[in-house]
1. Assigned by TED's automatic domain parsing to the domain that holds Thr421, at pLDDT 85 or above and more than 24 Å from Gly428 (Cβ to Cβ), is that true of Leu347?
2. I'd like the full set of residues that are surrounded by 13 or more Cβ atoms within 10 Å (Cβ to Cβ) and either outside any helix (DSSP H, G or I) or basic (Lys, Arg) (or both), limited to the stretch 304-323.
3. Could you say which residue among Leu256, Leu284, Leu294 is assigned to a helix (DSSP H, G or I), closer than 30 Å to Phe372 by Cα and at pLDDT below 80?
4. Taking the residues in the stretch 131-146 that are buried (at least 22 other Cβ atoms within 10 Å of the Cβ) and either among the β-branched types (Val, Ile, Thr) or over 19 Å from the mean Cα position of the chain (by Cα) (or both) as candidates, determine which candidate is nearest to Thr214 (Cα to Cα).
5. Failed condition for Ser35, given (1) modelled with pLDDT under 70; (2) within 21 Å of Leu109 (Cβ to Cβ); (3) polar (S, T, N, Q), with all others met?
6. As an exercise: evaluate Glu224 against (1) modelled with pLDDT of 75 or more; (2) closer than 30 Å to Glu151 by Cα and give the number of the one condition it does not meet.
Amino acid sequence: MGTARLSHDARVLLLALVAGLPGAAAALWLVWTGSFAPKVEWTVTAAVLASWLGLSLAVRAQVVRALHTLSNLLSALREGDFSIRGRHAGGGDALGAALSEINALGETLRVQRLGAVEATALLRKVMDEIDVSVLAFDGNRRLQLVNRAGERLLGRPVDSLLGRSAEQLALGELLEGETPRTVEALFPGAAGQWELRRRAFRQDGHPHELVVLTDLRRALREEERLAWRRLIRVLGHEINNSLAPIRSIAANLRDLAARDPAPDDWREDLSSGLRVIERRSEALGRFMESYARLAKLPPPEPGPVDVGAWVRRVVELEKRKPVSIDPGPELEIRADGDQLDQLLINLVRNAVDAAAETDGGVRVTWLANSGFLELRVLDEGPGIADTANLFVPFFTTKPGGSGVGLALCRQIAEAHHGHVTLHNRDDGRGCVARLRLPLADARGPGPRPS
């Protein structure tokens, strides 16, 4: 039988026997070649052989014991017990060095596990405290993790949720379709609009899906409340501006009609009062027309729009002041040309109004930036004193203004997946309006997936 088939313990014993063989052979040669009595020769031979075998077994025991110690320490580490330590570590020999390294490894693993446990506990506490439902499904679409908000959403305790499939929980739609998106859903614990986000991750080498549901009801209610507050404030201001003089003039005309005899100039007073009432009624009618125009903006009908031709066409409509054009690159976007005309007309008109106060100039330019068109309308007017109400519908500082222009610009831009901003210039007097729209792609503008 070759040594390769022997166990490690047997190989150690065999090596010890081989190592002691020369000494034992020499001792036996001296005994049998000397002038000893036969009885003594056999006694000494037995003693030599017994010593040879005993020393070999002792060597084997020492090696095996050391290996068993190392094995037990490594087994404890594998089982997650990092408190066991080997004695006589660092004794200066090979075994001491090995024990020292294993002890250091155990301490490192203990610290790492403690950190992982603390981090996991913190993560679970954060997940339980946040008002966002977090669900994790494995590759078989079975729920493996749910936080406290998810329990409330599904209306069941965690023990009755884990291990169930998405279909059993009526959550199959959450694992399908594009994300992020807004979904209208009815869950056992709540109903309404939710923002759905989903990400893939791996645990223990297996694929999982993390699903995050954010309740939009509270945010929408807060935004709705703020919008109504702003709208009522502006509507009240505008309507009161019209009703106050109408009410005052109506009272004066009533007093005039009650006089007996009537004054000589009563016809002139009556005509003047009715003209004021007519003007204010017309202003209120224009205001309501502007409101209807803002509220009834139709969805965009996309088509190819050449940026240079669009800018030149709009600039040619402005006759009060020359507007210069700094041509940018030749670009094309997909958009509703009529709505973009209205947007740019408003921006240019605002810039010309501002520049007229200081007899400054107005300039329009554009560039391509990270897949977007960035169009700028720069004026040399007095700048913006207060930007807080710029995009509030019906808010205006211009005499006779409707307060709809910038709000309409923003609504058109957002309908085209873009945005518009207005702020003071850094390079001089005046302000700059920036319009950012996606460059032409096959999808074109329109409502985003919901």
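The values are calculated or read from the model by the stated rules, or taken from the named source; none is laboratory data. Everything quoted here is computed from the prediction, not taken from an experiment. A quick note on method: Cβ atoms are made from the backbone with ideal geometry, for glycine too, and the neighbour counts reach across all protein chains shown.
1. Working: assigned by TED's automatic domain parsing to the domain that holds Thr421: yes; at pLDDT 85 or above: yes; more than 24 Å from Gly428 (Cβ to Cβ): no.
Here the answer is no, as Leu347 does not meet what is asked.
2. Here is the first cut: in the stretch 304-323, the residues surrounded by 13 or more Cβ atoms within 10 Å (Cβ to Cβ) are 305-308, 310-315, 318, 321, 323.
Matches in the stretch 304-323: Val305, Asp306, Arg312, Arg313, Glu318, Lys321, Val323.
3. On the way: Leu256 fails: closer than 30 Å to Phe372 by Cα; Leu284 fails: closer than 30 Å to Phe372 by Cα.
Among Leu256, Leu284, Leu294, only Leu294 is assigned to a helix (DSSP H, G or I), closer than 30 Å to Phe372 by Cα and at pLDDT below 80.
4. In the first step, residues of the stretch 131-146 are kept if they are buried (at least 22 other Cβ atoms within 10 Å of the Cβ); the result is 133, 135, 137, 143, 146.
With either among the β-branched types (Val, Ile, Thr) or over 19 Å from the mean Cα position of the chain (by Cα) (or both) added as a condition, the list becomes 137, 143, 146.
Details: Phe137: 17, Leu143: 18, Val146: 14 Å.
Once the filter is applied, the top-ranked residue is Val146.
5. (2)
6. Of the numbered conditions (1) modelled with pLDDT of 75 or more; (2) closer than 30 Å to Glu151 by Cα, the odd one out for Glu224 is (1).
This table checks each residue for (1) closer than 30 Å to Pro157 by Cβ; (2) at pLDDT 80 or above; (3) among the polar types (S, T, N, Q); (4) in the same structural domain as Leu161 (by TED's automatic domain parsing).
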| position | (1), (2), (3), (4) |
| --- | --- |
| Ala66 | no, no, no, no |
| Arg85 | no, no, no, no |
| Asn103 | no, yes, yes, no |
| Arg110 | no, yes, no, no |
| Phe137 | yes, yes, no, yes |
| Arg142 | yes, yes, no, yes |
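A quick yes/no check of all residues on (1) closer than 30 Å to Ser83 by Cα; (2) in contact with a helix residue (DSSP H, G or I) (Cβ under 7 Å, 6 or more places away or on another chain):
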| residue | (1), (2) |
| --- | --- |
| Val117 | yes, no |
| Val146 | no, yes |
| Leu175 | no, no |
| Phe187 | no, yes |
